[in-house]
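Trainee: Attaching a single structure in structure tokens format; questions to follow.
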Amino acid sequence: MACVLIVKTGDAFPEVVDQHGDFETLFEKQLSTALPEHLTLRVWDARTNAPAPSLDTLAAIVITGSHSMVSDAEPWSEALKPWLEEALAKDTPMLGVCYGHQLMAAAFGGVSDYHPAGRESGTRTVRLTQAGQLDPLFRQLPESFAAHLTHAQSVIQAPLESTVLAHNSHDAHQALRYGPRQWSVQFHPEFTAPVMRAYLERQRASLRDQGEEPEALLASVVDCQAASSLLKRFLTFV
């Protein structure tokens with residue numbers, strides 16, 4: 001039976017794991033409710049020394065977030081790049097999230113690095129571009145929608161052959177498309193409101209250091225059903 005592979009690239013904070021589950025668990029909870037009967041979910045931790053699964057056995061790839069930084073070029077992360085390039089060439093459906101977004105962009109010729117304006121955290125407004133409003137995955141979303149975000153790095157330069165599907169005041173590349181069934185997003189469609197609040201609680205000091213008010217960010221956290229719907233809709237392209 002073919003599987004949708006969740007590529008685990010990091011661990012959530014311990015208190016998040018204890019209360020809500022690790023990154024891969026958050027994806028499993030969302031995807032399992034819409035998974036077609038002929039598919040299964042499988043998790044592969046890319047940080048291990050195990051070789052990447054054969055693309056011939058995979059129906060799709062979902063890449064999680066991480067507390068690592070793409071610009072650090074860790075060996076396990078760099079090893080994923082040619083595998084992702086092969087997956088793109090084979091038209092394997094892919095969805096990268098946060099670290100996965102930045103890694104896909106870097107693998108396909110873009111640049112991911114620290115954002116000059118600092119960290120973006122909390123529930124923020126994201127807006128579709130004209131291309132996003134026409135995109136088969138994104139076009140069911142409203143032109144502006146709420147999304148959960150927590151990242152210090154961003155896609156600073158998008159790959160030349162990619163299409164920008166969404167942006168906001170902080171980040172020009174909130175969502176990108178690289179091929180017919182290959183997308184990535186900076187925001188976290190797998191996050192629930194409680195998970196977002198847990199991240200903000202952990203980041204109180206760093207947010208204050210860059211001039212933001214943690215209490216205001218916590219008060220503005222809402223459910224992001226439109227953003228989270230992307231995960232289930234992605235399965236329709238598998």
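Trainee: Can you send over the carbon and sulfur percentage of the accessible area for the chain, probe radius 1.4 Å, protein chains only?
Mentor: Working: 4960 of 9890 Å².
In the chain, the share of accessible area belonging to carbon and sulfur is 50 percent.
Trainee: Given 0.36 nm per residue, what is the gain on full extension from Phe237 to His67 after removing their alpha carbon distance, in nm? Present the calculation step by step, with values, prior to reporting the outcome.
Mentor: Details: separation 170, 0.36 × 170 = 61.20 nm, distance 2.86 nm.
Gain on stretching Phe237 to His67: 58.3 nm.
Trainee: Next question, about the same structure. What is the range 53-167 by shape, rounded, prolate or oblate, if you read a ≥ b ≥ c off the alpha carbon gyration tensor as root eigenvalues and call it rounded for a/c under 1.5, prolate for a/b larger than b/c, and oblate otherwise? Don't skip to the end; give the middle numbers.
Mentor: Working: a/c = 1.81, a/b = 1.18, b/c = 1.53.
Because a/c hits 1.5 or more and a/b fails to exceed b/c, the range 53-167 counts as oblate.
Trainee: What range in the chain is the longest one free of GluC sites (Glu not before Pro) that are in a loop by DSSP and have at most 15 other Cβ atoms within 10 angstrom?
Mentor: Numbers: sites that count: Glu37, Glu143, Glu161.
Within the chain, the longest run free of exposed GluC sites (Glu not before Pro) spans 38-142.
Trainee: As I understand it, the dipole of the chain uses +1 on the Cβ of Lys and Arg and -1 on the Cβ of Asp and Glu, about the Cα centre. Which of Leu84, Phe145, His101 lies farthest toward its positive end?
Mentor: Result: Phe145.
Trainee: Then there's this: Classify the range 158-238 as rounded, prolate or oblate from the Cα gyration tensor: take a ≥ b ≥ c as the square roots of its eigenvalues, call it rounded if a/c is under 1.5, otherwise prolate when a/b beats b/c and oblate if not. Please report the intermediate quantities before stating the final value.
Mentor: Values: a/c = 3.15, a/b = 1.65, b/c = 1.91.
It is oblate, given that a/c is not under 1.5 and a/b is not larger than b/c.
Trainee: Shifting gears a bit: What accessible area per residue, rounded to a whole number of Å², is obtained for the chain using a probe radius of 1.4 Å?
Mentor: Numbers: 9890 Å² over 238 residues.
Value returned for the chain: 42 Å² of accessible area per residue.
Trainee: Right, here's the next one. For the chain, compute the orientation-averaged projected area of the C-alpha convex hull (one quarter of its surface), in nm². Present the calculation step by step, with values, prior to reporting the outcome.
Mentor: Working: hull surface 47.5 nm².
Hull-based average projected area comes out at 11.9 nm².
Trainee: Where nothing but the Cβ of Lys and Arg (+1) and of Asp and Glu (-1) is charged, how large is the charge dipole of the range 53-161 around its Cα centre, in debye to the nearest 20? List each step's numbers first, then the result.
Mentor: Details: 6 positive and 12 negative charges, 85 e Å.
Dipole size: approximately 400 debye.
Trainee: Direction-averaged shadow area of the convex hull around the Cα atoms of the range 49-110, nm²?
Mentor: Details: hull surface 16.5 nm².
Approximately 4.1 nm², given one-decimal rounding.
Trainee: Using the Cα centre as the reference, give the magnitude of the dipole from point charges on the C-beta atoms of the range 15-104 (Lys, Arg: +1; Asp, Glu: -1; all else neutral), rounded to the nearest 20 debye.
Mentor: Details: 5 positive and 14 negative charges, 34 e Å.
In total the dipole reaches around 160 debye.
Trainee: Just want the answer: with Cβ charges of +1 for Lys and Arg and -1 for Asp and Glu, which residue in Leu39, Leu200, Met69 is farthest toward the dipole's positive end in the chain?
Mentor: With unit charges placed on the Cβ atoms, the residue in question is Leu39.
Trainee: Still on this structure, please answer the following. Antiparallel as a % of all DSSP beta bridges within the chain, to the nearest 5?
Mentor: Details: 21 of 39 bridges.
Of the beta bridges lying entirely in the chain, close to 55 percent run antiparallel.
Trainee: Under 8 Å for C-alpha pairs, at least 6 residues apart: give me the relative contact order for the chain, rounded to a whole percent.
Mentor: On the way: 480 pairs, mean separation 48.7, N = 238.
Once divided by the residue count of the chain, the mean separation gives 20 percent.
Trainee: Between rounded, prolate and oblate, where does the range 10-94 land on the alpha carbon gyration tensor, with a ≥ b ≥ c its root eigenvalues, rounded for a/c under 1.5, else prolate if a/b exceeds b/c? If you can, show how the numbers build up before the last one.
Mentor: Numbers: a/c = 2.22, a/b = 1.06, b/c = 2.09.
Cα axes put the range 10-94 in the oblate bin.
Trainee: Once you charge only the Cβ atoms, +1 for Lys and Arg and -1 for Asp and Glu, what is the size of the charge dipole of the chain about its Cα centre, to the nearest 20 debye? Present the calculation step by step, with values, prior to reporting the outcome.
Mentor: On the way: 18 positive and 28 negative charges, 99 e Å.
Charge dipole, the chain, about its Cα centre: 480 debye, nearest 20.
Trainee: What is the helix-to-structure angle for 193-202, meaning the angle in degrees between its Cα long axis and the longest Cα principal axis of the chain, kept from 0 to 90 and rounded to the nearest 10?
Mentor: Approximately 60 degrees, to the nearest ten.
Trainee: If you take the Cα Rg of the range 8-54 and divide it by 2.2 N^0.38 Å, with N the number of residues, what do you get?
Mentor: 1.32
Trainee: Using the Karplus curve 6.51 cos²θ - 1.76 cosθ + 1.60 with θ = phi - 60°, work out ³J(HN,Hα) for each residue of the range 175-186 in order, rounded to whole Hz, and write x for Gly and Pro.
Mentor: 8, 9, 10, 10, x, x, 9, 10, 10, 8, 9, 6
The values are calculated or read from the model by the stated rules, or taken from the named source; none is laboratory data. A quick note: this is a predicted structure, and the numbers were derived from the prediction, not measured. Cβ atoms come from the backbone with ideal geometry, glycine included; neighbour counts cover every protein chain shown. Calculation scope for accessible area: heavy atoms of the full protein, side chains included, ligands and nucleic acids excluded. Shrake-Rupley method; radii C 1.70, N 1.55, O 1.52, S 1.80 Å.
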